[in-house]
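This structure is in structure tokens; I'll ask about it shortly.
Throughout, read-outs are computed from the coordinates displayed, never taken from laboratory work. Given the structure is predicted, the values throughout are model-derived calculations rather than measurements. Ideal geometry is used to build each Cβ from the backbone, glycine not excepted, and the neighbour counts take in all protein chains shown.
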Amino acid sequence: MNGTKARLNRWLSSEPPFEEYLRLGMQVGEHCRIQPGVVFDYSHCWLIEIGNEVTIAPQAYLLAHDASTKAWSGYTRIGRVVIEDGAFIGARAVIMPGVTVGHHSIIAAGSIVTKSVPPNSVFGGNPAKEICTMAAYREKCESEMREMPLYDSSYTLSGGITDREKREMQEALMQGRGFVV
């Protein structure tokens with residue numbers, strides 16, 4: 001009956017409460033920023049381990065099982081998913097079973113990660129491939145920060161951005177990007 005109740009609850013709420021994953025054995029470190037809509041593999045969530053200070057953007061998928069083998073073999077492929085300390089998982093990225101994302105690595109939005117990612121690297125694409133090292137990425141961003149608009153926290157929703165500041169930001173970013181604290 002518990003399994004039926006859990007499936008019904010999941011169906012009614014579209015995703016189980018985060019505490020349910022923890023109760024079932026998923027491990028999550030401290031100071032993580034997990035955005036709304038992230039999908040954790042409910043049926044094998046105890047195989048998911050998230051380190052400290054990890055950011056997971058909206059609608060990312062962490063999958064610890066792959067049922068594509070079930071029809072012809074009778075078995076489902078499973079594997080641990082490990083997101084190490086300080087990693088960033090972009091919006092709508094998919095992390096497949098058996099993958100470790102190394103500490104302080106970035107996974108670009110929309111990427112499909114089928115193989116482990118070494119520490120301090122930036123990966124993106126389908127399938128995800130190395131784009132650059134974190135050192136090169138930092139250098140590029142620091143260079144851009146010297147030339148692009150920079151905004152303090154007052155230019156965010158939580159900072160109370162005004163309509164005038166929103167228009168100001170829109171105009172300043174007509175030709176490209178900037179950075180906000």
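So what is the calculated 222 nm ellipticity per residue for the chain, using -39500 (n - 2.57) for each DSSP H run with n of 4 or more, over all residues, to the nearest 500 deg cm²/dmol? Mind showing how you got there, number by number?
Values: 5 runs with 45 residues, N = 181.
After summing the helix terms and dividing by the residues of the chain, the value is -7000 deg cm²/dmol.
Please state the equivalent ellipsoid semi-axes for the chain: what are the square roots of 5 times the Cα gyration tensor eigenvalues, largest first, in whole Å?
Its equivalent ellipsoid spans semi-axes of 34, 21, 14 Å.
Report the label-to-label distance for ALA71 and CYS141 in nanometres (one decimal), using points 7 Å from each Cα along the Cα→Cβ vector.
Here the answer is 4.2 nm between the modelled labels.
OK, next. Within the chain, which is the longest segment containing none of the GluC sites (Glu not before Pro) that sit in a DSSP loop and have at most 14 other Cβ atoms within 10 Å?
Of all site-free stretches, the longest is 31-146.
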